[in-house]
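Values in this text are rule-based calculations from the coordinates and carry no lab data. The shown structure was predicted, so the numbers you read here are calculated from the model rather than taken from an experiment. Glycine gets a Cβ as well: all are built from the backbone with ideal geometry, and neighbour counts include every protein chain shown.
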């Protein structure tokens, strides 16, 4: 990270405890909390705490429940692990009882004991406490800290399987308590800024070099190398509340001469897509492999559902697609307003299919360069610098 000459103190002494919105060991590491924490680790010690359970216990979905329990237990067994210089990841034991008022205090005591011990063990000073997972609210507020940051990057109260009112309560408490509430969606920021002690909008960043330079590498993953072109591609999780599966089935059915490649973890019923001959489901890939799959796309897509979750989103993959230089076709969402010049937008399967054909036919070196130029300066390093300087503006020289 670049030296911040405007600050009046040594920036090599900032520790951060981040209650992450994801599990480091199982999710794509392109998310904003992970990206910023890896950069903050260059100026102090960073402790990334894997997501504390927010969803309610649902034994009724036996297979999915068993998979979640197995995955969580495996993460907990890993415990505390140093993954790079200055950057630690920890999976505490927590229980799915955040929505049960009479006993959730037991969870908080259990978490407090574990996390306090880890903070002391790795030698952290009074840290900045960063909350990307609302269920960590009460614990975060109890920690001795220099600053409190609330990462309001999604409407977690609309997330499937949570106690919506409990999450709303956490959200309200964090917004009035946090020294900084960070938004990545301009519409949500405009709607809620007055509810916050201090609100700040920051557009997402991108690992620009990683994606833009991928095509210079001749490596091509074996499982996509044999897929017939043109390839219409998507990378990211395929979930009911985000990915519009019926919409996608109709698009695929219209464009039978094209190959549709989907990269990512699937947590929805995709039987219909699996049965289509021109669909390739390649599964979840490591983050550093994603650009090498994306570079094989002829057109990149974002077939989102139209709901309140999507209205408040700002998908990181938009900038990753742009850094790859790929034509993009997306269903509409508010944060696309700034990208109308580099994205094709359609709200019906028929128009979406038409835009894919148009994007394929119109693509050119000039358009590829324009897409990359749109996000060239939006590196995660630059975003980390902005947040650091905003957070510690009170310590700047006057």
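Numerical summary
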item	result
Inverse mean reciprocal Cα-Cα distance (Kirkwood Rh) of the range 208-375, Å	15.9 Å
Descending principal axes extents, the range 81-213, alpha-carbon based, whole Å	40, 39, 29
Global geometry of the range 301-380, whether rounded, prolate or oblate, following the gyration tensor of its Cα atoms and the 1.5 cut on a/c	oblate
Listed peptides 216-223, 383-390, 267-274 by packing density, highest first (mean Cβ within 10 Å)	383-390, 267-274, 216-223
Calculated on alpha-carbon atoms, Rg and Dmax of the range 263-329 in Å	13.2, 34
Sorted by Cβ density within 10 Å, fewest first, the residues 257, 146	257, 146
Among 160, 332, 92: highest mean-square fluctuation, GNM of the chain, C-alpha pairs under 10 Å	160
Prolate/oblate/rounded label for the range 311-354 (Cα gyration tensor, a/c 1.5)	oblate
Alpha-carbon centroid distance for the pair the range 274-311 / the range 142-206, whole angstrom	28 Å
Exposure proxy order (Cβ contacts within 10 Å, fewest to most) of 210, 37	210, 37
Contour minus Cα-Cα distance for residue 369 and residue 227 (0.36 nm per residue)	48.5 nm
Over the range 157-291, relative contact order from alpha-carbon pairs under 8 Å, at least 6 apart, %	18 percent
The chain shape via C-alpha gyration tensor axes, a/c threshold 1.5	prolate
